[in-house]
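Everything on this sheet refers to the single structure shown next.
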Amino acid sequence: MIHSYPVWIDDYPVIAIEVHLPKTNLLAVTTKHGYIMCGALDVLLLNSRLKERGIIAGRAVGVRSIDELLAAPLESVTTGALAMGIEPGMKGSEALIKMMKIEE
């Protein structure tokens, strides 16, 4: 089953996505320019084989809900995210705010 719904972070709307799979869930929160995701995100792949795309994304591990994903520190980020000032250790919600500010 797949659920998507709006979430507000400060004054910014983002979209939360939950994909319920057998024995695991995939969690992501996305903006127009980037996203954060649970431990299933392969940052190494994005930084190497898909580098030319400049994907702005961050990965948090050990999260089981969208609320946890927003509160957790990012374990790793793409080079595109680093270029936007998004760094490992930053909370997911803080990274999303930086992504939203790209749009302003």
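Looking at (1) of a type outside the set (Asp, Glu); (2) over 14 Å from the mean Cα position of the chain (by Cα); (3) part of a loop (DSSP other than H, G, I, E, B), find the lone condition where residue 19 falls short. Among (1) of a type outside the set (Asp, Glu); (2) over 14 Å from the mean Cα position of the chain (by Cα); (3) part of a loop (DSSP other than H, G, I, E, B), residue 19 violates only (3).
Among the residues of segment 1-46, those that are among the acidic types (Asp, Glu) and in contact with a helix residue (DSSP H, G or I) (Cβ under 7 Å, 6 or more places away or on another chain) comprise 10, 18. Residues considered: 48, 4. Of these, the only one that is without any contact (Cβ under 8 Å) to a residue 24 or more places away in the chain, under 18 Å from residue 99 (Cβ atoms) and among the polar types (S, T, N, Q) is 4. Applying the condition of being among the polar types (S, T, N, Q) and touching a Lys or Arg at 6+ places or on another chain (Cβ under 9 Å) to segment 19-78 and asking which residue is nearest to residue 91 (Cα to Cα) yields 76.
This table checks each residue for (1) at pLDDT below 95; (2) within 12 Å of the chain's Cα centre (by Cα); (3) assigned to a helix (DSSP H, G or I); (4) closer than 16 Å to residue 8 by Cα.
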{"position": "32", "(1), (2), (3), (4)": "yes, yes, no, yes"}
{"position": "52", "(1), (2), (3), (4)": "yes, no, yes, no"}
{"position": "62", "(1), (2), (3), (4)": "no, no, no, no"}
{"position": "70", "(1), (2), (3), (4)": "no, yes, yes, yes"}
{"position": "80", "(1), (2), (3), (4)": "no, no, yes, no"}
{"position": "89", "(1), (2), (3), (4)": "no, no, no, no"}
{"position": "95", "(1), (2), (3), (4)": "no, yes, yes, yes"}
{"position": "101", "(1), (2), (3), (4)": "yes, no, yes, yes"}
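Restricted to segment 1-16, and to residues that are assigned to a strand (DSSP E or B) and of a type in the set (A, V, I, L, M, F, W, C), which residue is farthest from the chain's Cα centre (by Cα)? If we take residues in segment 1-16 being assigned to a strand (DSSP E or B) and of a type in the set (A, V, I, L, M, F, W, C), then 2 is farthest from the chain's Cα centre (by Cα). All of 27, 69, 82, 96 fail the test of being out of contact with any Leu (no Cβ under 8 Å at 6 or more places or on another chain) and either surrounded by 14 or more Cβ atoms within 10 Å (Cβ to Cβ) or of a type outside the set (Phe, Trp, Tyr) (or both), apart from 82. Can you find, within segment 34-50, the residue that is nearest to residue 12 (Cα to Cα) among those that are surrounded by 13 or more Cβ atoms within 10 Å (Cβ to Cβ) and of a type in the set (A, V, I, L, M, F, W, C)? Residue satisfying both the conditions and the ranking: 36.
All of 41, 46 fail the test of being part of a helix (DSSP H, G or I), touching a Ser or Thr at 6+ places or on another chain (Cβ under 9 Å), within 19 Å of residue 83 (Cβ to Cβ) and not acidic (Asp, Glu), apart from 46.
The values are calculated or read from the model by the stated rules, or taken from the named source; none is laboratory data. Since the structure is predicted, the reported quantities are computational estimates derived from the model, not experimental observations. Virtual Cβ from ideal backbone geometry, glycine too; neighbours counted across all protein chains shown.
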